[in-house]
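A.B. asks: One structure follows; several queries about it will come next.
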Amino acid sequence: LAERHADGVLLFTCNGRWSRLFSKPDHDAGVIGDLMGDPPISGFFAAGELGPVGGRNFVHGFTASMALFEERTPASQPLADALAATPVETAATPVGTAATPADTTPTPAVVNAPPEETSPKPS
């Protein structure tokens, strides 16, 4: 990361990271700033992040995801053109579901369901 350049960063971090892993809420933004020379950073805390593992999407906890942005310059244009010409397969997946690219039938994502109540309720 220290060898990368970014003109801007989007950072999405699990709201449990700072309270359970670090002593301050801006730990991740601080690390990015220290390593990359303080680029502008924006984003938000989330209650988990969606991401693929083994070709399926899952809700992850205690993670941080970021996107680095770089201004296009004449020197970077050939790479930008090559990336734009590369076909990208996408599939719309409703939030709260998981699907593989080959099977776009929504499958409920497992998200910390509350335990089933086992004791009788008072009347």
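The values are calculated or read from the model by the stated rules, or taken from the named source; none is laboratory data. Keep in mind the model is a prediction, meaning the values are calculated, not measured. Reconstructed Cβ throughout: ideal geometry from the backbone, glycine too, with neighbour counts over all protein chains shown. Only protein heavy atoms, including side chains, enter the accessible area calculation; ligands, DNA and RNA are left aside. Shrake-Rupley method; radii C 1.70, N 1.55, O 1.52, S 1.80 Å.
A.B. asks: Just one of (1) modelled with pLDDT of 90 or more; (2) over 17 Å from the mean Cα position of the chain (by Cα) trips up Gly8, so point out which.
C.D. replies: (2)
A.B. asks: Just give me the residues in the stretch 48-63 being in contact (Cβ under 8 Å) with a residue 12 or more places away in the chain and either open to solvent by less than 90 Å² (accessible area, probe 1.4 Å) or touching a Pro at 6+ places or on another chain (Cβ under 9 Å) (or both), in sequence order. Outline the logic, then answer.
C.D. replies: Within the stretch 48-63, the first condition is being in contact (Cβ under 8 Å) with a residue 12 or more places away in the chain, and the residues that meet it are 48-51, 55-63.
Answer for the stretch 48-63, where residues must be in contact (Cβ under 8 Å) with a residue 12 or more places away in the chain and either open to solvent by less than 90 Å² (accessible area, probe 1.4 Å) or touching a Pro at 6+ places or on another chain (Cβ under 9 Å) (or both): Gly48, Glu49, Gly51, Gly55, Arg56, Asn57, Phe58, Val59, His60, Gly61, Thr63.
A.B. asks: Sticking with this one: Can you name every residue in the stretch 1-45 that is basic (Lys, Arg) and free of Cβ contacts under 8 Å to residues at least 12 places away in the same chain? So that I can check it myself, show each step before the final result.
C.D. replies: Going through the stretch 1-45, the residues basic (Lys, Arg) turn out to be 4, 17, 20, 24.
Listed by number, the list holds a single entry, Lys24.
A.B. asks: Looking for something assigned to a strand (DSSP E or B), at pLDDT 65 or above, closer than 30 Å to Asp26 by Cα and touching a strand residue (DSSP E or B) at 6+ places or on another chain (Cβ under 9 Å) - is there at least one such residue anywhere in the stretch 68-91?
C.D. replies: There is at least one residue in the stretch 68-91 that is assigned to a strand (DSSP E or B), at pLDDT 65 or above, closer than 30 Å to Asp26 by Cα and touching a strand residue (DSSP E or B) at 6+ places or on another chain (Cβ under 9 Å).
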